[in-house]
Number of protein chains: 2
Amino acid sequence: MTVKNSAPLHLHEVKINDPFWSRYLEIVRKEMIPYQWDVLNDRANITIEKERNDETIPSEKSHAIENFKIAAGLKEGNHYGWVFQDSDVYKWLEAVAYSLHHTYDESLKYLADEVIDLLELAQEKDGYLNTYFSIEEPERRFKKLAESHELYCAGHYIEAAVAYYETTKNEKALKIACKLADCIEASFGDEPGKIKGYDGHEEIELALAKLYQLTGESRYLELSRFFLYERGTDTTFFERQRKEDTGKRHVIEGMTHRPLSYYQAHKPILEQESAEGHAVRLVYLCAAMADVAYLSHDQEMLDACRKLWKSIVQKRMYITGGIGSTVDGEAFTSDYDLPNDTMYCETCASIGLIFFAYNMLKNEADGTYADTLERALYNTVISGMALDGKHFFYVNPLEVNPKNSVNDPGKSHVKVTRPEWFGCACCPPNLARMLTSLNKYIYSIKDDVIYTNLYLTNQSSVVVNGTKIELQQETNYPWDGDIKFLIQPDAPAAFGLAVRIPSWSKTYKLYLNGEEIKEQPHNGYVIIDREWQGNEELLVSLDMNIQVWSANPYVKANVNKIAIQRGPLIYCLEEVDNGDNLHLIRIPKTEPFSYRFEENLFGGVGVIEVTAKKRVVQEEWENQLYATDLDEEYEEKKVTFIPYYCWANRASGEMQVWVAKE
Amino acid sequence: MTVKNSAPLHLHEVKINDPFWSRYLEIVRKEMIPYQWDVLNDRANITIEKERNDETIPSEKSHAIENFKIAAGLKEGNHYGWVFQDSDVYKWLEAVAYSLHHTYDESLKYLADEVIDLLELAQEKDGYLNTYFSIEEPERRFKKLAESHELYCAGHYIEAAVAYYETTKNEKALKIACKLADCIEASFGDEPGKIKGYDGHEEIELALAKLYQLTGESRYLELSRFFLYERGTDTTFFERQRKEDTGKRHVIEGMTHRPLSYYQAHKPILEQESAEGHAVRLVYLCAAMADVAYLSHDQEMLDACRKLWKSIVQKRMYITGGIGSTVDGEAFTSDYDLPNDTMYCETCASIGLIFFAYNMLKNEADGTYADTLERALYNTVISGMALDGKHFFYVNPLEVNPKNSVNDPGKSHVKVTRPEWFGCACCPPNLARMLTSLNKYIYSIKDDVIYTNLYLTNQSSVVVNGTKIELQQETNYPWDGDIKFLIQPDAPAAFGLAVRIPSWSKTYKLYLNGEEIKEQPHNGYVIIDREWQGNEELLVSLDMNIQVWSANPYVKANVNKIAIQRGPLIYCLEEVDNGDNLHLIRIPKTEPFSYRFEENLFGGVGVIEVTAKKRVVQEEWENQLYATDLDEEYEEKKVTFIPYYCWANRASGEMQVWVAKE
């Protein structure tokens, strides 16, 4: 095992000390990580929400740590929970790794080290690691890959191990990961005797790319390339495995009727032109493709990434950065099919979209990737958790009516309050690892240019061309559009600093050491390329005017509606502020919106108000559904928009992002 | 067995000879009945459509007649198909009965008599009749009533037998029915040793009321009242049966998670204030309640009917007379929740709504019942079949985009072309019996008044107060609003003739023997109460102006949209006439609609045209989903509306009933 590079991927150290994000980091550290630990150990007194009306889903408890103890031989018993239950532990471990990087905590590290010890015991001699198959059906190992999630779980462990090694230098964690990867390599590949196939849920591919980057072991990159290129070439693979499988139990019930596109296995990746199937799977695949394209200079793979990126962002993405237009298969549907109240918009899918965007930024500095990364992060991703850090959304709707969630089984997946935990608990730990790794996403470095992707108060050390540069951001973003950069290279050095001008910022101003820089952004960035002397101050001022968005006319759900944005935040109307029947509200064209920062709401957020019109429902409507002779009447009504990510933190009620316009 | 009355229920004989409806009667006689006979005997070369992505549903063939042969001991084998497969044969038989009444056909009667002979053999000694339980699980008889459909099937046989006896005087058919009813009476009731419960699917209740009316046997009415009043009183009944059930097989898989409201068993019928659960079940229940309330002068039950009627018609019914807002449970959801593209609107549910309306008319002469009867009949019901009589819709959407039906599993129940047959084939034979019994619905007689409910060319003999009256209607309805009545009593007689003024007819004219009658309608009818001399001519002229409807503002799906109606027909836009992206079309307020009869379309239908505006999708939209700076542009576009019932008879494409207005 050769460790190539023990520093974070982009050779920069980042300390976040931001009024907006530090709160989240604290919540993850103080609430989510301990809370999730209790859940994983079945010690939390919580109500676990079944996400489907399916009696076959076990969800009374997590049992995830218990599964490992049983697999390790420390306890007797059966596996309980989903076949991919292990991944909850791995995502928790990954979040712990990132969190320790922000705030070192000896007792937390001790817990995590103990988990590593347990995993070592649970790992089989040949490196295989999966509690379901080790405990219940060892003979079925790798024999039902469409459903088994074995490589998916392995991938999550590898990601966690890479992160944990980077922070703590725990060699055991990395050794387990390499042994696991070696076991997979011994089992899969083109060579005779190996399985020429892949997992139903992509994840191992992006994890192997990370393991390669850390260890420099090119076999891992090659194995990732094998999985990517093999996918969808032999469209009979899953079916053949199903036929040959002698196991009596369903690994996951009800998955056999899914089409191959659900797994992105309907055609080879280079031929896939639109984002199809299960949204999380698709973005995990794309994230892997983008990273592997970058690491192996694979132009064809990069072109395929670009096509899929466009399919998502130009045809199939909600304005909140949510993806997945239907609950059935948690999947993409068709171009422009973006219903606001039956969609899925899984928190995990937007997290995966961030991975994809970030890996595309490694390939090419284009602001569209960072724009989307920011859009997903500030809206769908953080909408996935309550402000208390203890309640979570799996599904992030753009329009909700509590009555429909209760009375229409077709909308029962759309929760109106965040449940405490889920039987299929992918989202909460995914959120934890996303938020704690935020530092990774702030800058990208490419060809001697430091690209700024996110704006938040932080202090970073970046190495460009051998020169160490201290980079400081100070800002009250997202409420404020002014960002002050302090640039302090170790010694005078020539490099570029690329300032992202978000697509929502119609205008902007830049001042370097007090002098205005008038330059047009190129691909979303203004690049200030010069010899930096040290102690330089760059002021960026973005356009924080309220933006009124219309949707593409092909989006039927948003005809005659608008959405409100300020800075990176999409806004919404909630019943608690505006009464019920939000669909009766219309926003006049000429009325001005006003913004104010509300100190006492949600610990301080910016709200937007406007004098709207609300349709009056005349008495005559009481007893009739249809009429030919009733005019529309309106009354003035002041309405209040709050940031989308804050919704459902007060009372259960209606919510709407897209609002009718006059 | 005492036969009380062998004539049709309302002592009138009706001969339909109508340009609109005779075609349907011919289709049923010449196409549907022979075709369905072939299907029931597995001789039709058809594709059976699975209505769900559920591998547990058997639907390769009907096997319905074969099941009876096996139950009768004429063949060896197993039951195949749904547990309620028998009812397909019964509904076919009922349609045959009505059809023979219109056009006598010796060979068809011969076929039907043979079926009766077969049923006699399949019936058990104690009167029990059900092929699934007789063949497969006789020990489970009446032990899983939530799912078993045993009384549902029995009810359909009884309805068929009553109709068949009325037309053919086949005593054997009636004897089987009475024996079956007696078997049920011996098994169910308040008395010790009997089952204090009811079927999961209402139907026996309305059938027993019919059997009572034919035979005068009050035990049947009492048994119906028992089932109605027992329903929902003991909410543990289904659950107890499930627990006590020792059978290993699912009778119907996946039904156990349904709430009690799905079966209208959540509370006693007198306490049910809103239409809940499976829509067909609810309207079958209501139809029974309305008939039993009428037959037993039960004012409380009638009040309960009125409440449920209002819940449907004032809060939960589509403008097409469709009901059932969600596919999941084929059920009602909430007040005003009427989505146009995910709804169910099952053909059978609108047929059941007609039964309910008709039975309410027996209780009280209120035009709202006949209005709704007409609305359901001319729109959702006949939309349920293709103009060739060989293809059928189960689901009748108000808005369709073929792409979504293919790519969104949440809309996969919404077919864009009518399949040939269904695994669960309730709708096609239900349509056949509905259309062939149309004569029943034309008039209601109450308190010496003949109420006209439907307008179509027909010749009827009605007996009022002992006087036989020949009543003739001549009309080109629904294309034309003029109806000529000829009233010819046997001898001069005093009675009322009530002319229904449909709620869509804002104005009307009435001329009796050339003299205008100026009278306001009362509860939807103008009653001409006089001594009729004979040879009188009444001209009714309804308002055939095109009506532009708005929906109640609480109906979110129809905000800023209109629907077009002319006469009883709701109209729609189809892609084949108007291009795709129908949602981009807006109807200006001031543009006049024009109507013309198109001889060459669908054998002659009235189409409506208007110069609308269609939104132009500017090039700038090609690569973006959201924009802040693109104005809406429109171009003029002439659009053509066709009657809703005609949709999907040309090409597969988009369709929309509710269209955006300017």
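The values are calculated or read from the model by the stated rules, or taken from the named source; none is laboratory data. Bear in mind the structure is a predicted one, so any value in this text is a computation, not a measurement. For neighbour counting, all protein chains shown are included, and Cβ atoms are generated from backbone atoms with ideal geometry for every residue, glycine included. Areas reflect the complete protein model, heavy atoms only, side chains present, ligands, DNA and RNA absent. Shrake-Rupley method; radii C 1.70, N 1.55, O 1.52, S 1.80 Å.
Relative to the other copies, what are the label-point distances for B:Tyr110, with labels 7 Å from Cα along the C-beta vector, expressed in nm at one decimal and sorted shortest first? When each copy's label point is compared with this one, the spacings are 9.5 nm.
For B:Asp482, nonlocal amide neighbours, meaning residues 5 or more places apart or on other chains whose placed amide H falls under 5 Å from its own, are B:Asn476, B:Leu542. Shielding value for A:330-337 is 4, the average number of Cβ atoms from other chains within 10 Å of each residue's Cβ. For B:Trp532, the residues 5 or more places off, or on other chains, whose built amide H falls under 5 Å of its own are B:Ala493, B:Ala494, B:Phe495. Can you give the FRET efficiency to the nearest 0.05 for B:Ser652 and A:Ser296, using r as the Cβ-Cβ distance and R₀ = 60 Å? Between B:Ser652 and A:Ser296 the formula returns 0.85. Couplings 3J(HN,Hα) of region B:124-134, computed from phi: 6, 4, 8, x, 4, 9, 5, 5, 4, 6, 5 Hz, in residue order, whole Hz [Karplus 6.51 cos²θ - 1.76 cosθ + 1.60, θ = phi - 60°; x for Gly and Pro]. Among beta bridges from DSSP that stay inside chain B, the antiparallel ones total about 90%.
Placing +1 on the Cβ of every Lys and Arg and -1 on the Cβ of every Asp and Glu, with no other charges, gives the protein assembly as shown a dipole of roughly 580 debye about its Cα centre.
Surface calculation, 1.4 Å probe, protein heavy atoms: A:Arg306 sits at approximately 70 Å² accessible.
Per-residue 3J(HN,Hα) values for region B:297-302, derived from phi via the Karplus relation 6.51 cos²θ - 1.76 cosθ + 1.60 with θ = phi - 60°, read 6, 9, 5, 5, 5, 5 Hz in sequence order (x marks Gly and Pro). Placing a label point 7 Å from the Cα of A:Glu635 along the Cα-to-Cβ direction, the distances to the matching points in the other copies come to 4.4 nm, shortest first.
Residue pairs exceeding 31 angstrom between C-alpha atoms, taken from A:Lys614/B:Lys267; B:Lys91/B:Lys310; A:Lys589/B:Lys506: A:Lys614/B:Lys267; A:Lys589/B:Lys506. Projecting label points 7 angstrom from Cα along Cα→Cβ for B:Glu515 and A:Asn78 puts them 8.8 nm apart.
Across region B:516-521, computed HN-Hα scalar couplings (Karplus, 6.51 cos²θ - 1.76 cosθ + 1.60, θ = phi - 60°) run 5, 9, 10, 9, 7, x Hz from first to last residue, x flagging Gly and Pro. Inter-copy label distances at A:Leu270, using a point 7 Å along Cα-to-Cβ, come to 7.7 nm with the shortest given first. Per residue, the convex hull around the alpha carbon atoms of chain A comes to 161 Å³. Sorting B:587-600, A:381-394 by their mean Cβ neighbour count within 10 Å, with the most densely packed peptide first, gives A:381-394, B:587-600.
Taking amide H as placed 1.01 Å from N in the peptide plane, the amide H of A:Arg566 sits under 5 Å from that of A:Gln547, A:Tyr571, each at least 5 places away or on another chain. Here region B:201-256 is treated as a sphere whose radius is the Kirkwood value from Cα pairs; by Stokes-Einstein at 25 °C and 0.890 mPa s it diffuses with a coefficient of 184 µm²/s.
Between A:Asp113 and B:Asp543, the simple label model (points 7 Å from Cα in the Cβ direction) yields a spacing of 8.6 nm. Neighbouring Cβ atoms from other chains, within 10 Å of the Cβ of residues in B:338-351, number 1 on average. Among the trypsin sites (Lys or Arg not before Pro) in region A:120-169, those placed in a DSSP loop whose Cβ has at most 13 other Cβ atoms within 10 Å are A:Lys125, A:Lys169.
Gyration tensor analysis over the Cα atoms of region A:443-542 returns equivalent ellipsoid semi-axes of 20, 14, 13 Å (largest first, whole Å). Across chain A, the relative contact order, built from alpha-carbon pairs under 8 Å that are at least six residues apart, equals 13 percent. When the label point is put 7 Å from the Cα of B:Gln472 along its Cα-to-beta-carbon vector, which residues of region B:531-562 have a backbone N closer than 14 Å? From region B:531-562, the list is B:534-539. Taking label positions 7 Å along the Cα-Cβ direction at both A:Asn523 and B:Glu599, the computed distance is 6.7 nm, reported to one decimal.
Rounded to two decimals, the Cα-based Rg/Rh of region B:547-661, with Kirkwood Rh, is 1.00. In terms of accessible area, using a 1.4 Å probe and ignoring ligands and nucleic acids, B:Thr236, A:Thr326 rank largest first as B:Thr236, A:Thr326.
By the Cα gyration tensor, region A:386-508 has an equivalent ellipsoid whose semi-axes, rounded to whole angstrom, run 41, 17, 12 from largest to smallest. Rg/Rh for the protein assembly as shown (Cα atoms only, Rh after Kirkwood) is 1.02. A cut-off under 15 angstrom between Cβ atoms defines the neighbours of A:Glu244, and their net charge, with Lys, Arg +1 and Asp, Glu -1, is +3. Across peptide B:407-417, the mean count of Cβ atoms from other chains lying within 10 Å of each residue's own Cβ comes to 5.
Within region A:182-227, list the trypsin sites (Lys or Arg not before Pro) lying in a DSSP loop whose Cβ has at most 13 other Cβ atoms in a 10 Å radius. Sparse-neighbourhood loop trypsin sites (Lys or Arg not before Pro): A:Lys194.
Using protein chains only and a probe of 1.4 angstrom, how many square angstrom of A:His102 are accessible, to the nearest 10? Surface open to solvent at A:His102 totals about 40 Å². The number of Lys pairs in region A:135-216 with C-alpha atoms less than 19 Å apart, excluding pairs fewer than 8 positions apart on the same chain, is 10.
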